[in-house]
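**Q** Here it is, the structure, as structure tokens.
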Amino acid sequence: MKKITFTKSFSFIVALICGIHFGLGQEIASFSSVQNSACSGVISNDPNISATGICRGPGITETNTGIPSTKYNSNNWTTGNSPETDDYLEWTLTPMLDIKLL
């Protein structure tokens, strides 16, 4: 029986390709920057989850970029040493029954 050996460089390349392939994330939800009740809209999501739009906390406001439908920008973030509890962005991803988000 012939013994197969791999060089270190070949093993490194295989490990690198596997790491890149398995290390990439998958898109599970897409959001629109078009405002809907101060929250972004959900364009699409994986069929195994439900998603809510991205909402701003009361301490930050929408930044008018001139083309508001292309960006989801916010301003009035607190810049002091202690963070404010109302400066946040919030969204929810909920898996369907028997599905896990990893």
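We did not get these values from a lab; they are worked out from the coordinates using the rules stated. Here the structure is a predicted model, which means the values were calculated and not measured. Glycine gets a Cβ as well: all are built from the backbone with ideal geometry, and neighbour counts include every protein chain shown.
**Q** Contour minus end-to-end for Leu93 and Ile28, with contour as 0.36 nm per residue of separation and end-to-end as the Cα-Cα distance?
**A** Extending this stretch completely gives an extra 22.5 nm.
**Q** Full extension from Leu101 to Asn81: what is 0.36 nm times the residue separation minus their Cα-Cα distance, to one decimal in nm?
**A** Gain on extension, Leu101 to Asn81, equals 3.8 nm.
**Q** Next question. Based on other C-beta atoms within 10 Å, arrange Ile49, Ile54, Ile99 from fewest to most. Intermediate results must be reported in sequence, preceding the final value.
**A** Values: Ile49 15, Ile54 19, Ile99 11.
If I rank by nearby Cβ atoms, fewest first, I get Ile99, Ile49, Ile54.
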